[in-house]
Amino acid sequence: MKKTLILSSAVLAFSLMGTPALAASDLPENHRFYDEIDYLVDKKVITGYEDGTFRPDKTVTRAEAAIMIGQLKDLDGTQRATGFKDVSKSSKASGYIAAAQEAGYLNGYPDKTFRPDAPITRGDMAILLSNIFTMPLWGATDFKDVSANMKAFEPINQLVSYNITAGYPDRTYRPLTNVTRGQFSAFLARGLEPVFKNDTHMENSYLRDKTKVYSYRSADGIVLNARYTDDSHLNGEPLGFLWENYNEDVEDIFYTEDETYDMYNIGFPFSEYITELVYPIKKGKVFNIDNPFAPVSKITGVNVTVKTPYKTFTNAVEVTVPYDSSVNHDTGYKYYMVEGFGTVKTVGLDGKISSELIKVQ
């Protein structure tokens, strides 16, 4: 099923009007990454082969990655000397390899080689994406096969915070697994377009649709709108794709919303990272026990019915936060989370509504 693309400001220059359907003999429209590949083919970032195939399951090499990144970033691909002893001027990728190195997107090895025919791994891909996309924020995840001493540790966590990956259900990221052309296309497309970031949402996800705007009314009657945008910033510095709460009468607030198979989190720029829900969901489960930035929270209800001006939900998870003077709450409160909507309502333990969802468009 074809996705409907909503272009971000970052790529308005690349119009999708009149995109020709891919005609590759080995890429049916029901392929998992067909839309992502079609999107990048239209942008002339990736191409098929002369024999009419695309080979979506073929492993991407470092040279191929340099070419695709060079085309994405409009680098000068003119063949030239590279300074790498295993990449000659006559190599098809030499210009893009040299340009990618100069731009800081791809680097060589201490022995002055580039290893152009070596495969790109998922760990390599994380590092590459952290270099080409604006992703300064991250919160540490708990992948079983990713440790803090790994070069790709921070980039992998950035990919999670910016909804480019969520890892695998077995709580692994598999950093040493080679990346295919189809997967490479998916990673790149997710870095560029919110509609593709939605594809990282796991089954029964609590993440919101990044192509929609959510409106919430607070206790004082102010309506805050939440949209996913790449126009985020802090002190004039760009922050990449983040959620923005905005209203003409209040200062804009930017934050991440991410999810792994263990938890759902909210993170604020260079500040606290708060767990809002833990998985698997079970009544009585307590979390945020060791988080100095958030009060201890407890799941106190599942499949709860909660009314909001937008609609009545019957599958909400109720989380109770008792009064805690150390985090400056005037009273304890409860919040209600729904699959596909995140938090839809927050109510003080005194019964006063703090915030509730009123519209989605």
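Of note:
- If you take all other residues with their beta carbon under 9 Å from the beta carbon of N265, and give Lys and Arg +1 and Asp and Glu -1, the sum is -4.
- By the count of other C-beta atoms within 10 Å, a proxy for reagent exposure, K58, K210 are ordered fewest to most as K58, K210.
- The slack in the chain from N291 to D262, taken as 0.36 nm per residue of separation less the alpha-carbon distance, amounts to 8.9 nm.
- Other residues within the sphere of radius under 15 Å centred on the Cβ of R227, judged by their own Cβ, net out at -3 (K and R +1, D and E -1).
- Sites excluded, chymotrypsin sites (Phe, Trp or Tyr not before Pro) in DSSP loops with at most 16 other C-beta within 10 Å, longest stretch of the chain: 50-269
- Grouping the Cα pair distances of segment 103-220 into 5 Å bins from zero gives a pair-distance distribution of 2, 10, 18, 23, 19, 12, 7, 4, 3, 1, 1, 0, 0 percent in increasing distance order.
- Most positive-pole-ward Cα, F153, A103, G83, against dipole of segment 9-200 from beta carbon charges: G83
- Proxy reagent accessibility, fewest Cβ within 10 Å first, across R80, R227: R80, R227
- Computed from Cα positions, the angle between helix 122-132 and the longest principal axis of the chain comes to roughly 90 degrees.
- For V319, neighbours were defined as the other residues whose beta-carbon sits under 13 Å from its Cβ, and their charges (Lys and Arg +1, Asp and Glu -1) total +4.
- Value of D in µm² per second that Stokes-Einstein yields for the chain, Kirkwood Rh from Cα pairs, at 20 °C (1.002 mPa s): 96
- Each part gets one Cα centre, and for segment 219-233 versus segment 28-52 those centres are 35 Å apart.
- Compared with the dominant Cα axis of the chain, that is its longest principal axis, helix 94-103 is turned about 40°.
- Calculated FRET efficiency for the pair T305/M150, C-beta based, R₀ 35 Å, to 0.05: 0.20
- In terms of other Cβ atoms within 10 Å, H233, H201 run from fewest to most in the order H233, H201.
- For a straight C-alpha distance cut-off of 19 angstrom, the lysines reachable from K298 (same-chain residues fewer than eight places away being disregarded) are K282, K283, K285, K334, K345.
Each reported figure results from applying straightforward, stated rules to the coordinates on display, with no laboratory input. Note that the structure is a prediction, hence the values are computed from the model and not measured. Ideal geometry is used to build each Cβ from the backbone, glycine not excepted, and the neighbour counts take in all protein chains shown.
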